[in-house]
Amino acid sequence: RKGADEIEIYFQRSKNLKIKAHKAKIESLISSDSCGFGIRVFKEGRTGYAFASGAEKESVDKSLNAAIKISAQTGQDEANGLPEKNTSYKNLDLDLYSQDVARSSVEKKIDMTLEMEQSALGLDSRIRSAEHVSYGEEIKEVYLVNSKGFMDRYKSSACGLFLSVIAEENGRPQT
């Protein structure tokens, strides 16, 4: 614990996909993986927080030391600290993850993005062009552990199609 009264570690790993299209062509396709963590410490009623990307032991040690140093600069409050261990949440199903997001091919996601642009252009004769067309997704795993014995994880997924069009009426364009 290196002098901290209590410690909490939040670790996140995520996979992201972003597809941008314009005029029925893919402009960019970016896939990325990232991970990082945050450490929150409580010392003598003071709170400190530090974070880093990656998960190497050296980064964890540096972040822990930084969080402890930061805690010395924050206000003291007797209410600061971790809650007592509680397992009543264990049966809670928030339904945050859909395997469909991960299972769906990149090709299908490209097709959906291009199809959305074409569909929008055919909706109304005043629509002249699509200003912004994209697909985005994130699949995330989160782990949370603390010095009071709490340890849990969850997985979530999110995806969406985004569209902004330019329409014109009486010679005046609008988005």
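The values are calculated or read from the model by the stated rules, or taken from the named source; none is laboratory data. Because the structure is predicted, anything quoted here is derived from the model rather than measured. Cβ: placed from backbone, ideal geometry, glycine included. Neighbour counts: every protein chain shown. Heads up: the accessible areas ignore ligands, DNA and RNA and are worked out on the full protein's heavy atoms, side chains in. Shrake-Rupley method; radii C 1.70, N 1.55, O 1.52, S 1.80 Å.
Heavy-atom surface analysis with a 1.4 Å probe gives the chain a carbon and sulfur content of 50 percent of its accessible area. Counting only alpha carbon atoms, the long axis of helix 57-71 and the longest principal axis of the chain meet at about 70°. Under 30 Å of direct C-alpha separation, and excluding same-chain neighbours fewer than eight residues apart, LYS25 reaches these lysines: LYS15, LYS108, LYS109, LYS140.
Give the angle, between 0 and 90 degrees and rounded to the nearest 10, that separates the Cα long axis of helix 106-121 from the longest principal axis of the Cα atoms of the chain. Taking the Cα atoms of the chain, the angle to 106-121 is about 50 degrees.
Computing FRET efficiency as 1/(1 + (r/R0)^6) for ILE110 and ARG13, where r is the C-beta to C-beta distance and R0 is 25 Å, gives about 0.50. Annotation: lysines with alpha-carbon distance below 27 angstrom to LYS2 (same-chain offsets under eight excluded): LYS43, LYS57, LYS62, LYS69, LYS85, LYS148. As a ratio to 2.2 N^0.38 Å, the alpha-carbon radius of gyration computed for the range 55-175 takes the value 1.77.
On the basis of the beta-carbon distance and an R0 of 25 Å, LYS155 and GLU84 show a calculated FRET efficiency of 0.45. Per residue, the range 21-175 exposes an accessible area of 67 Å² to a 1.4 Å probe, with every protein chain left in place. The simple spin-label model puts a point 7 Å past each Cα toward its Cβ; for TYR143 and GLN76 those points are separated by 3.5 nm.
Highest mean packing first, where packing is the average number of other Cβ atoms within 10 Å per residue, the peptides 149-162, 64-77 line up as 64-77, 149-162. Computed over the chain, the per-residue total of -39500 (n - 2.57) for DSSP H runs of n ≥ 4 gives a 222 nm mean residue ellipticity of -6500 deg cm²/dmol, rounded to 500.
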